[in-house]
Each structure stands twice: as C-alpha cells, then as structure tokens.
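Asks: The structure under discussion is supplied below as structure tokens; questions concerning it will follow.
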Amino acid sequence: MGLLNFLSKAGAEVLRLPSGSLTVDRQGNIIASTISSSYPSAVLKDVSADVLKLFREARAAQLSLTELHIHFASLQITARELRGGAIIFLTPKTVAS
Amino acid sequence: MQSRHKVLILDDNPELLELYKEMLSQLPSRPEVHTATAGSRALALLDAQPFRLLLCDLKMPKMDGLQVLSIVRRRFPELRTVVITAVEDEEFRSRAYALGVDLFWLKPDTHKNMQMFLECLEALLGRDSEGGFRGVQSKSLMDIVQMECLSQSSTVMRITRGALVGKLWIQNGELIDAEAEGARGEAAFRRILEWKSGTFENLPAEPDRERTIHKSVNALLLETAQAMDEVSGSDNDPEDAEHRKTVWRLSALTREGAEWVVSLGESGPAEGWGTHSAEELGKWMRVLEEACHRMSDRIEAGPLSNVQAAGLDRRLVYLPSSGKSMLVAWPLDTDRASALEKTKKLTATWDS
C-alpha cells in the first residue's frame, strides 16, 4: 500500500497547549514564566488579564477569593492571588488524566 | 427516495482530497462528497448547506483543524466530525475529543486500516441523530422498562441523569428491585421514573439479587403515572407550585450542607437561596462566564467543565450549563472533590 505513504505530510503546525506557570503583577505584566517561549505571549497576557479580573470582581461581590481552579476539557488553569497579582499554573489534560 | 448524506472533507492537500473523495464516494451509502482546502472555505460550505459529516485534517496553515472544530462545535452541534491526521500525539487526540469529535483516526497506512476507517465512516453516516434516552430515541423510561419486561429479559438497567444514578433489576421480565438516591424498592423505582431525560445501559443480570418489589411492573407503572399526573395537575396554581419549589430547594440545600446557591439563566436576573447578595454574585458569574469563554477560545482549551474557588471563609463551585448556571457555596472544610460531587448532585435535582 505504497500509495498510502504519502498520506503523511510535513508542513503547518498545530499550536500546542501551554504548560507551566507564570507570575503576573497587579497590572497584568508577566514577571516570570516557565511556559515555552514559542507560545504566543499575547495569549498568556490575555489569560492573565482575565484571571486578575476574576479576582478583582470577586472582591467587588464580597467574595475575596484566594484561589481559582478553572477546568476546561483539555486544560486546567489554577491561579493563586498574590498581593494584587497572581501566580497561574496551566496544566494540559490528556485522555488518561 | 432517501436523499444521500453530504460529507465535507477538509485538507490543505488537493491530491489527498481527490483520493479521499474517490474512496468515500464508494461507501455503501454513496454519500455526496464535497471538499475544501481551507478552514474558512469549509465553514462557508457548512453555512450554505446541511452536511452530515465533516472529515478534518489537523495540520493546516492559517486556521488549523482544532480551530475549525471549535467553531464547528458551536455553530453546527448536530454535525458529525472526524479528525484524520498524521500527527500521533496524545495531547491532540485529547483536545479533539474534548471538542466533541466522533472519531480521531491516524491516517491509514495499511489496506486493513483503511477498510476499518471506511467502515467507521459508514456507521457514522448511518447513525440516527435524534435525541431522547440514548439508544432508544423518542421513548420514555416507562416505555423502555415495559419493553424489557415484555421481552422477558433478565438484566440490570443502569440509568443516569447528570450526577444521579439509579438501577433497576429485571429478572425473567419481572422487576424485582430498584435503587436510587439512597432509596430502594418501589420508592426508588418511582424516583427514577420521574427523571425525564438521561442515559441508560444494560448490565449483566444478577439473578441472586434480593427481591424487594412484589407488585407487577404494570401496576407500578400505572401508579407512578397517576402520581405524576396529580403532581402536574396541582401545578396549575403557579403561586402554590413556586412556593413548594422554593421550600423543596431550601430543604435540599440544608440537607446537603451548602451555605447558599445562586442560579443564573442566559438572560434575566440571578436567583439566590440562602443569600441576600444574589445580584452581586450573579454579576460575578457573568464575568466568570465571559472570561472562561474568552480563555477557552484563545487557548483552544475546549468547553468549560467547572470552576472551583476558595476564599478565607468558604469554597465555591460553579457549574456551567446552556440553560442555567449554578454557583454553590460550601463550608471551607468541605474538600474540593466532595464539594464538586455534591454540587453536581444538587444541580441535577434543582429543577425536579
């Protein structure tokens, strides 16, 4: 079935899920990260901004949260509040996990 | 005459598309095969006409397969989707299944593998897409139990509705026992029959199961149907029904040990039980929904399962739903896994 060998191809890449942690200050600036530098930093910045907003809005609703665990089907985001900023862990899930 | 199903194949390699097109056109159901070399073109075709099945490559320039699938999942939930890829990677498999694909297949490298792949596609094209109790569409649970008994089956039916699980033991066409929500026997059977949707599976029979139900299944079904009619009849007074619902919800909340519950529909104000801050909490739930939606889209992380949070004095669990989302507060000493399980249970029974 040599014909089928050409079904495999090299070329465009699929973006992998981010894995690792990042620390952000209260303004949303990333001050430390263990996530691969090939992952788009703009996406990480957007995620950080959303996490900080969630902590901030929770305070406005009298919730004062210290940690958040957001479970998506393929990824878990864990965030701990850190003096207005946050440390955020991004952990991809696999079928087995 | 039955119309032919339409299949759309998306791959950036035109030669491969031709090959697939030829192979799929020879399937026994003779589907009408269309092709696209870019995600944007595929989405335009899906918008323009109804398709039954989408075959999608993962590695493509501009818009990759996972991006296409995440859009397809939202815009065309009824469409069957298959990923066919040369990328042998557990992460991509997991993400594809998280996006609800029906099949993830590595590009076939042997004739036998190709045959199996085509058989799977044929099965997917033939599968009925209607809703209802899984496996027996448009049938109520009463119908399914009656069918099992009439056919003199011996089986254990496991019925699931969200976090609720019930079991019915049927031996030689007779219902001998039932178990659900901590109840057993006739009471459990009545509770299970009140569930209006869910899934069921048949497990091997357990002939040694102790018999707790001695009435005939038809008598029990009749009694349950009458009881359900009476309840729905008394719902004619909306004020009375609403009052009973509130009392029931507060007692469920207390029984499970939750501090408060806030529910939020797609529109309208939040409703709260056990809290006076439903409005503020509802606003935070909206912020949470929007933030999670944005993050899921940006990272391609798949649909949101749940959010858990902790503060200085309580633990929170948020469960999203297309109709109504719930935020439940638990004492801080409740462990995370148990808070999630109890929230699922509470949510499953909330609108009963």
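Asks: Quick check: residue separation of B:His214 and B:Asp89 times 0.36 nm, minus the Cα distance between them. What number comes out in nm? Mind dumping the intermediate values first?
Replies: On the way: separation 125, 0.36 × 125 = 45.00 nm, distance 5.43 nm.
Additional length available on full extension: 39.6 nm.
Asks: Please give the total accessible area that chains B and A bury against each other, computed with a 1.4 Å probe and expressed in Å² to the nearest 100. Display every interim value, and only then the final one.
Replies: Details: alone 19550 and 7130 Å², together 22130 Å².
Looking at B and A, the buried total is near 4500 Å².
Asks: Please list, by residue number, every one of the trypsin sites (Lys or Arg not before Pro) in region B:1-34 that is coil in DSSP and has at most 16 other beta-carbon atoms within 10 Å.
Replies: Numbers: sites: B:Arg4, B:Lys6, B:Lys21; in loops: B:Arg4.
Passing sites in region B:1-34 are B:Arg4.
Asks: Quick one: Cα centre-to-centre distance for region B:250-277 and region B:64-122, in angstrom?
Replies: 40
Asks: In nanometres, what is the gap between the two model label sites at A:Phe89 and B:Ser153, each 7 Å from Cα along Cα-to-Cβ?
Replies: According to this spin-label approximation, the distance is 4.4 nm.
Asks: If you take every residue apart from B:Ala188 with its C-beta less than 12 Å away from the C-beta of B:Ala188, what net charge results, scoring Lys and Arg +1 and Asp and Glu -1?
Replies: Working: positive: B:Lys167, B:Arg184, B:Arg190, B:Arg191; negative: B:Asp177, B:Glu179, B:Glu181, B:Glu186, B:Glu194.
Local net charge: -1.
Asks: If you don't mind, another one. What FRET efficiency comes out for the pair B:Leu312/B:Lys345, r = Cβ-Cβ distance, R0 = 35 Å, nearest 0.05? Display every interim value, and only then the final one.
Replies: Working: r = 26 Å, r/R0 = 0.75.
Efficiency for this residue pair is about 0.85.
Asks: Where in region B:243-316 are there GluC sites (Glu not before Pro) that are in a DSSP coil and have at most 14 other Cβ atoms within 10 angstrom of their Cβ?
Replies: Numbers: sites: B:Glu256, B:Glu259, B:Glu266, B:Glu271, B:Glu279, B:Glu280, B:Glu289, B:Glu290, B:Glu300; in loops: B:Glu259, B:Glu266, B:Glu300.
Here the GluC sites (Glu not before Pro) that fit, given the DSSP loop and packing criteria, are B:Glu266.
Asks: Let me have the relative contact order for chain B, percent, based on Cα pairs under 8 Å that are six or more residues apart. Walk me through the numbers on the way to the answer.
Replies: Values: 531 pairs, mean separation 35.3, N = 352.
With pairs under 8 Å counted, the relative contact order is 10 percent.
Asks: Spin-label point model (7 Å from Cα, Cβ direction): what's the B:Glu181 to B:Ser322 distance in nm?
Replies: Here the modelled spin labels are 2.5 nm apart.
Asks: How high is the relative contact order of region B:6-128, given as a whole-number percent (alpha carbon pairs under 8 Å, six or more residues apart)? Present the calculation step by step, with values, prior to reporting the outcome.
Replies: Working: 173 pairs, mean separation 28.4, N = 123.
Computed over region B:6-128, the figure is 23 percent.
Asks: Through the Karplus equation 6.51 cos²θ - 1.76 cosθ + 1.60, θ set to phi - 60°, convert the phi angles of region B:45-53 into ³J(HN,Hα) values in whole Hz; use x for Gly and Pro.
Replies: Once rounded to whole Hz, the list reads 5, 5, 5, 7, 8, x, 10, 8, 9.
Asks: When Lys and Arg each count +1 and Asp and Glu each count -1, what net charge do the other residues less than 13 Å away from B:Ala42, Cβ to Cβ, add up to? Show your work: numbers first, answer last.
Replies: Working: positive: B:Lys6, B:Arg41, B:Lys62, B:Arg75; negative: B:Asp11, B:Asp12, B:Asp47, B:Asp57, B:Asp64.
Within the 13 Å Cβ shell, the charges total -1.
Asks: Taking 0.36 nm per residue of separation and subtracting the Cα-Cα distance, what length does fully extending B:His276 through B:His293 add?
Replies: Details: separation 17, 0.36 × 17 = 6.12 nm, distance 2.75 nm.
In short, 3.4 nm is gained.
The values are calculated or read from the model by the stated rules, or taken from the named source; none is laboratory data. Source: prediction; values computed, not measured. A quick note on method: Cβ atoms are made from the backbone with ideal geometry, for glycine too, and the neighbour counts reach across all protein chains shown. Just so you know, the surface numbers come from the protein's heavy atoms only, side chains and all, with ligands and any DNA or RNA stripped out. Shrake-Rupley method; radii C 1.70, N 1.55, O 1.52, S 1.80 Å.
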